[in-house]
């Protein structure tokens, strides 16, 4: 098994991000960070159409921030939780950008960034966007019970975030120097996860299903690179919630890896524990996407964070597999994001220009 991460052959930068959420997320600790928040319908007649609208809006926000037109983009990586990723395909119809649909459950944000980094870093594309979303109401209707049922949720259950996060990435040197932020986020390494099944079949305990996959990916990364957890400002999972985070820490501890001091989880960051009544925290594709877009990347741009591991975790199930009582396999994809000082980018561009002008 290959445990060494892929390192892009040329720098891949996250130029901009857009975040769109519902009102419950707006009332949470990160509410002031989101670009746009609306009611759960977003002007549409169904929750599924509302989720599509969130993706459309998030991509538009990210594109405007980056200053790009759709005809300047090479690819769009997108996915969601609804059957056959229809939120993405319907929501992004108006964008004439080559489309690559993804499904990684709640790991889709990390998977999209990983795939974009591989294509851009290898020289296949120059610019790409990645977007994902989830919606509490549409997810409940598909995976659990209609909201009208009013079922009791156990303490291990997580609340699917109503949100969409979009990112614009580029490997073109001319794009990076246009940015005015003190530090520009660069994807320096990515490591795809392996499917891990530890016998969990409780749809109300996603954290327990995904934690073993997160532990597996992190152990592979640390063993393969020879690095240690304390080298990073944060090790971010998304999204194990409180239940899964505790399990992850225990699983890594028995393997001699201690991440307790700098591990955080998007599912525990997005909602206030006591006020929100979300039990074990947030989940869904949109959870880690909006936390990364609105909070983590902003802290990298300002220099508060310099080097993080972003580990998207997903439960690879569907309604049919749940109804048949099958286990819930987990997956976890790793993306390393480093803040590059703007001064360094300008120096690199000057050196490239000077070299090009030299006879």
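Among the residues of the stretch 219-248, which ones are assigned to a helix (DSSP H, G or I), touching a residue at least 60 places away in the same chain (Cβ under 8 Å) and over 16 Å from the mean Cα position of the chain (by Cα)?
Taking the stretch 219-248 first, the residues assigned to a helix (DSSP H, G or I) are 219-225, 229-231, 241-248.
This time we only want the ones that are touching a residue at least 60 places away in the same chain (Cβ under 8 Å), so: 220-221, 223-225, 231, 241, 243-244.
Answer for the stretch 219-248, where residues must be assigned to a helix (DSSP H, G or I), touching a residue at least 60 places away in the same chain (Cβ under 8 Å) and over 16 Å from the mean Cα position of the chain (by Cα): 220, 221, 223, 224, 225, 231, 243, 244.
Looking only at the stretch 249-279, which residues are outside any loop (DSSP other than H, G, I, E, B), more than 15 Å from residue 229 (Cβ to Cβ) and in contact with a strand residue (DSSP E or B) (Cβ under 6 Å, 6 or more places away or on another chain)?
266, 267
Matching residues to (1) farther than 30 Å from residue 60 by Cβ; (2) at pLDDT below 95:
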{"residue": "183", "(1), (2)": "no, no"}
{"residue": "197", "(1), (2)": "yes, no"}
{"residue": "203", "(1), (2)": "yes, yes"}
{"residue": "218", "(1), (2)": "yes, no"}
{"residue": "224", "(1), (2)": "yes, no"}
{"residue": "245", "(1), (2)": "yes, no"}
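Of all residues being part of a helix (DSSP H, G or I) and touching a strand residue (DSSP E or B) at 6+ places or on another chain (Cβ under 9 Å) in the stretch 80-99, which is surrounded by the fewest Cβ atoms within 10 Å (Cβ to Cβ)? Just the residue, please. Talk me through it step by step, then tell me what you get.
From the stretch 80-99, those part of a helix (DSSP H, G or I) are 83-91; that's our starting set.
Those left that are additionally touching a strand residue (DSSP E or B) at 6+ places or on another chain (Cβ under 9 Å): 84-85, 87-89, 91.
Values: 84: 10, 85: 20, 87: 31, 88: 30, 89: 17, 91: 27.
Once the filter is applied, the top-ranked residue is 84.
Would you please list the contacts, defined by Cβ atoms under 7 Å and residues six or more apart or on different chains, that run from a residue in the stretch 294-314 that is closer than 17 Å to residue 334 by Cα to a residue that is at pLDDT below 95 and in a loop (DSSP other than H, G, I, E, B)?
Within 7 Å, the pairs are 313/239.
Return yes when residue 183 is crowded, with 24+ Cβ neighbours inside 10 Å and in contact with a strand residue (DSSP E or B) (Cβ under 8 Å, 6 or more places away or on another chain) and no when it is not.
Numbers: crowded, with 24+ Cβ neighbours inside 10 Å: no; in contact with a strand residue (DSSP E or B) (Cβ under 8 Å, 6 or more places away or on another chain): yes.
Taking the combined requirement at face value, the residue does not satisfy it.
In the stretch 280-323, what count of residues is obtained for those that are touching a strand residue (DSSP E or B) at 6+ places or on another chain (Cβ under 8 Å), buried (at least 19 other Cβ atoms within 10 Å of the Cβ) and part of a loop (DSSP other than H, G, I, E, B)? Explain how you work it out, then say what you get.
Step one: filter the stretch 280-323 for residues touching a strand residue (DSSP E or B) at 6+ places or on another chain (Cβ under 8 Å), giving 281-294, 296-297, 300-303, 305-316.
Filter once more, so that each one left must be buried (at least 19 other Cβ atoms within 10 Å of the Cβ): 281-294, 296-297, 300-301, 305, 308-316.
Adding the requirement that they be part of a loop (DSSP other than H, G, I, E, B) leaves 281, 284, 305, 316.
Of the residues in the stretch 280-323, 4 are touching a strand residue (DSSP E or B) at 6+ places or on another chain (Cβ under 8 Å), buried (at least 19 other Cβ atoms within 10 Å of the Cβ) and part of a loop (DSSP other than H, G, I, E, B).
Looking at residue 49, is it part of a helix (DSSP H, G or I), surrounded by 21 or more Cβ atoms within 10 Å (Cβ to Cβ), touching a helix residue (DSSP H, G or I) at 6+ places or on another chain (Cβ under 8 Å) and in contact (Cβ under 8 Å) with a residue 24 or more places away in the chain? Spell out how you get there, then give the answer.
Values: part of a helix (DSSP H, G or I): yes; surrounded by 21 or more Cβ atoms within 10 Å (Cβ to Cβ): no; touching a helix residue (DSSP H, G or I) at 6+ places or on another chain (Cβ under 8 Å): yes; in contact (Cβ under 8 Å) with a residue 24 or more places away in the chain: yes.
Considered against the rule, which asks whether it is part of a helix (DSSP H, G or I), surrounded by 21 or more Cβ atoms within 10 Å (Cβ to Cβ), touching a helix residue (DSSP H, G or I) at 6+ places or on another chain (Cβ under 8 Å) and in contact (Cβ under 8 Å) with a residue 24 or more places away in the chain, residue 49 comes out as no.
Kindly indicate whether any position in the stretch 34-45 is in a strand (DSSP E or B), within 18 Å of residue 164 (Cα to Cα), in contact with a strand residue (DSSP E or B) (Cβ under 7 Å, 6 or more places away or on another chain) and in contact (Cβ under 8 Å) with a residue 60 or more places away in the chain.
no
Select, from 356, 332, the only residue that is outside any loop (DSSP other than H, G, I, E, B), over 20 Å from residue 12 (Cβ atoms) and modelled with pLDDT of 85 or more. Working first, answer last.
Values: 356 fails: modelled with pLDDT of 85 or more.
Testing whether each residue is outside any loop (DSSP other than H, G, I, E, B), over 20 Å from residue 12 (Cβ atoms) and modelled with pLDDT of 85 or more leaves just 332.
Any chance the stretch 336-344 includes a residue that's within 30 Å of residue 203 (Cα to Cα) and at pLDDT 85 or above?
Pass one, the stretch 336-344, residues within 30 Å of residue 203 (Cα to Cα): 336.
From what's left, at pLDDT 85 or above: 336.
Yes; the residues of the stretch 336-344 include at least one that is within 30 Å of residue 203 (Cα to Cα) and at pLDDT 85 or above.
Select, from 68, 77, the only residue that is touching a strand residue (DSSP E or B) at 6+ places or on another chain (Cβ under 8 Å), assigned to a loop (DSSP other than H, G, I, E, B) and closer than 15 Å to residue 18 by Cα. Don't jump to the end; show me each part of the working.
Working: 77 fails: assigned to a loop (DSSP other than H, G, I, E, B).
Only one candidate qualifies: 68.
Given the criteria under 27 Å from residue 186 (Cα atoms) and without any contact (Cβ under 8 Å) to a residue 12 or more places away in the chain, does residue 260 qualify? Can you show your working first?
Details: under 27 Å from residue 186 (Cα atoms): yes; without any contact (Cβ under 8 Å) to a residue 12 or more places away in the chain: yes.
Judged against the criteria, residue 260 is a match.
Checking the condition within 30 Å of residue 254 (Cβ to Cβ), crowded, with 24+ Cβ neighbours inside 10 Å and touching a strand residue (DSSP E or B) at 6+ places or on another chain (Cβ under 6 Å), which residue from 213, 130, 166 passes?
213
The values are calculated or read from the model by the stated rules, or taken from the named source; none is laboratory data. Treat the numbers as computed from the prediction; the structure is a model and nothing was measured. Note that we place each Cβ from the backbone using ideal geometry, even for glycine, and neighbour counts take in every protein chain shown.
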